[in-house]
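Scroll down for the structure; my scribbles are underneath it.
Bear in mind that the values in this text are calculations on the coordinates, not laboratory data. Predicted, not measured: the structure shown is a model, and the values here were computed from it. In this analysis, Cβ positions are derived from the backbone assuming ideal geometry, glycine residues included, and neighbour counts consider all displayed protein chains.
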Amino acid sequence: MTAFIEAIDLHKTYRVGKMDVPALRGVSFSVEKGEFVSVVGPSGSGKSTLFYLLGGLTRADSGKVILDGEDIAALSDAERTRMRKRKIGFVFQRFNLLPTLDARSNIAIAQEISGNGSGDPAFFQRITELLGISQRLNHLPSELSGGEQQRVALARALINKPAVVLADEPTGNLDTENSNIVLKMLRQSNQELKQTVLMITHNPEAARYGDRIIHMRDGHLVSAEEDPQWAARTIG
Ligand SMILES: Nc1ncnc2c1ncn2[C@@H]1O[C@H](COP(=O)(O)OP(=O)(O)OP(=O)(O)O)[C@@H](O)[C@H]1O
Ligand SMILES: [Mg+2]
């Protein structure tokens with residue numbers, strides 16, 4: 001089977017004033033179409049940086065991301081933006097809902113910018129019902145709980161049935177009940193639509209929803225045994 005997402009020796013260093021902050025120091029892996037992969041690792045290990053590179057939101061210093069056969073760095077900015085809107089659903093670590101739009105519009109805007117027009121109303125209804133937000137669609141983000149905001153953000157990521165879902169701590173600040181709703185939805189969408197899902201999480205319980213777990217540490221991929229934080233958590 002061919003890889004749907006391929007990361008090849010990704011390096012990324014941020015420059016803060018005169019200081020270099022290495023975030024990724026040579027990360028390579030591949031994900032097959034339809035796979036659900038969890039990415040775990042300590043704070044600062046480079047997970048979100050990897051997420052930005054895979055989604056074409058930031059450029060690597062060196063290395064490549066091949067998504068569905070395309071080297072995303074070789075695309076023009078316009079082509080990359082189009083690819084992102086067509087193929088990728090993002091859930092960001094911070095909710096990133098637009099504060100002046102109600103929940104309905106926050107979801108619908110993803111359909112509009114993708115060029116899908118009004119999209120698929122039946123799917124909109126189904127997703128919002130499954131996520132338990134159908135009674136909250138007229139609320140502004142400031143009128144929603146954190147869990148509801150995160151479920152709106154997930155609805156927005158899934159509404160265009162993207163081939164790839166990139167989710168950065170989608171259950172980060174959620175209680176168990178909300179986490180389960182979000183994780184079940186991601187899994188269901190992954191299975192029904194053969195979506196390729198990459199989910200970053202701190203939570204071992206959440207990580208187990210994936211088919212496979214990738215461990216990061218200090219900008220590298222490591223084995224589960226080399227991830228003491230993980231070992232301690234899973235034992236405890
Ligand atoms: N915009 C930025 N400018 C400078 N340094 C950054 C920037 N973003 C991240 N970093 C640094 O790069 C490293 C990796 O950060 P990253 O956000 O990828 O980690 P993370 O694994 O997602 O952490 P967390 O679990 O806390 O979200 C950290 O040392 C961080 O301080
Ligand atoms: Mg992060």
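Structure summary
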item	result
Members of LYS12/LYS184; LYS64/LYS85; LYS12/LYS194; LYS18/LYS85 lying beyond 27 Å, as alpha-carbon distances in this model show	LYS12/LYS184; LYS12/LYS194; LYS18/LYS85
Ascending count of other beta-carbon atoms within 10 Å, so fewest first, for LYS12, LYS64	LYS64, LYS12
Sites ARG82 and SER105 - FRET efficiency at Förster radius 30 Å, r taken between beta-carbons, to 0.05	0.85
Stokes-Einstein translational diffusion, segment 3-235 - Kirkwood Rh over all Cα pairs, 0.890 mPa s, 25 °C, in µm²/s	135 µm²/s
On Cα atoms only, tilt of 121-130 relative to the major axis of the chain in degrees	70 degrees
Helix 77-87 axis, angle to the chain major axis (alpha carbon atoms, nearest 10°)	60 degrees
Average Cα contact separation per residue, segment 1-103, under 8 Å, 6 or more apart, as relative contact order %	28 percent
Computed label-point distance, nm, for sites GLU192 and LEU75 using a 7 Å Cα→Cβ extension	2.6 nm
Ascending count of other beta-carbon atoms within 10 Å, so fewest first, for MET199, MET216	MET216, MET199
FRET efficiency for SER145 and SER223, using Cβ-Cβ distance with R0 set to 45 Å, rounded to 0.05	0.75
Under 9 Å, Cβ to Cβ, from THR128 - net charge with Lys/Arg +1 and Asp/Glu -1	+3
Between 0 and 90°, nearest 10: helix 103-114 axis offset from the chain longest Cα axis	60 degrees
Rounded Å value of the spacing that divides the Cα centres of segment 12-78 and segment 100-145	29 Å
Fewest-first ranking of ASP168, ASP9, using other Cβ atoms within 10 Å as the exposure measure	ASP9, ASP168
Summed residue charge, Cβ within 15 Å of GLY146's Cβ, Lys/Arg positive, Asp/Glu negative	-2
